[in-house]
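K.L.:
I have a structure here, written as structure tokens, and I will follow up with some questions on it.
The values are calculated or read from the model by the stated rules, or taken from the named source; none is laboratory data. All values derive from a computational prediction rather than experimental measurement. Note that each Cβ is placed from the backbone with ideal geometry, even for glycine, and that neighbours are counted across all protein chains shown. The protein model used for the area step is the full one, side chains on, heavy atoms only, and it has no ligands, DNA or RNA in it. Shrake-Rupley method; radii C 1.70, N 1.55, O 1.52, S 1.80 Å.
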Amino acid sequence: QTAFLTSIVFLGAMTGTLVLGPIGDTRGRRPVFLASSTIIAVFGFFTAFCTNFTSLCIVRFAVGFGVGGLTIPFDILAELLPLQHRGRDLLFI
């Protein structure tokens, strides 16, 4: 069950990246970043109240979905770095 639960979180992160990435490009990165942070906080809190494995999987998928949207700050940082050293500097993150 532990491995399945971990897989669910990564599946949520993959889905969140595919959904929230394009939304961040069209609607703006800041709102998506705030929504992702809110999703992680709310559903992370709900994790404590899960009474069975199915509800825990659903809630952890939602947390993973929010984590998928947190790739956006990496893009923002890339835009702020000088063009000459951008690739090298991003390798250190």
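K.L.:
Please report the Cα spread of segment 13-93 along all three principal axes, rounded to whole Å, starting with the longest.
P.N.:
Reported extents, whole Å, longest axis first: 53, 27, 18.
K.L.:
Pull out the extension gain between F46 and T26, defined as 0.36 nm times the separation in residues minus the alpha carbon to alpha carbon distance; nm, one decimal.
P.N.:
Values: separation 20, 0.36 × 20 = 7.20 nm, distance 2.98 nm.
Additional length available on full extension: 4.2 nm.
K.L.:
Ok, one more. When only C-alpha pairs under 8 Å and at least 6 residues apart count, what is the relative contact order of the chain, in percent?
P.N.:
Taking the mean separation of contacting Cα pairs over the length of the chain, I get 41 percent.
K.L.:
Quick one: dipole size for the chain, taken about the Cα centre, charges +1 on Lys/Arg Cβ and -1 on Asp/Glu Cβ, in debye to the nearest 20. Before the final figure, lay out the partial values.
P.N.:
On the way: 6 positive and 4 negative charges, 11 e Å.
That gives the chain a dipole magnitude of about 60 debye.
K.L.:
Would you mind counting up the charge near L81? Only other residues with Cβ under 14 Å from its Cβ, with Lys and Arg at +1 and Asp and Glu at -1.
P.N.:
Details: positive: R86, R88; negative: D75, E79, D89.
Taking every other residue near L81 into account, the sum is -1.
K.L.:
If I compute solvent accessible area with a 1.4 Å probe over the protein chains, what percent of it on the chain is carbon and sulfur?
P.N.:
On the way: 4440 of 6250 Å².
Looking at the chain in its full context, I get 71 percent from C and S.
K.L.:
Please give the contour-minus-distance gain from V19 to I58: 0.36 nm per residue of separation, less the Cα-Cα distance, rounded to one decimal in nm. It would help to have the intermediate numbers written out before the result.
P.N.:
On the way: separation 39, 0.36 × 39 = 14.04 nm, distance 1.73 nm.
Stretched fully, the V19-I58 segment lengthens by 12.3 nm.
K.L.:
Just how much of I8 is accessible, in Å², when a 1.4 Å probe is used and the result is rounded to the nearest 10?
P.N.:
30 Å²
K.L.:
Next up: Helix by helix, which DSSP H runs in the chain go 15 Å or more along their axis at the Cα atoms and have an average Kyte-Doolittle hydropathy of -0.5 or more?
P.N.:
Numbers: long enough: 2-27 (36 Å, 1.08); 29-46 (25 Å, 1.26); 53-68 (22 Å, 1.65).
Counting only whole DSSP H runs, the qualifying helices are 2-27, 29-46, 53-68.
K.L.:
Rolling a 1.4 angstrom probe over the protein heavy atoms, how many square angstrom per residue are accessible across the chain? Show your work: numbers first, answer last.
P.N.:
On the way: 6250 Å² over 93 residues.
Per-residue value: 67 Å².
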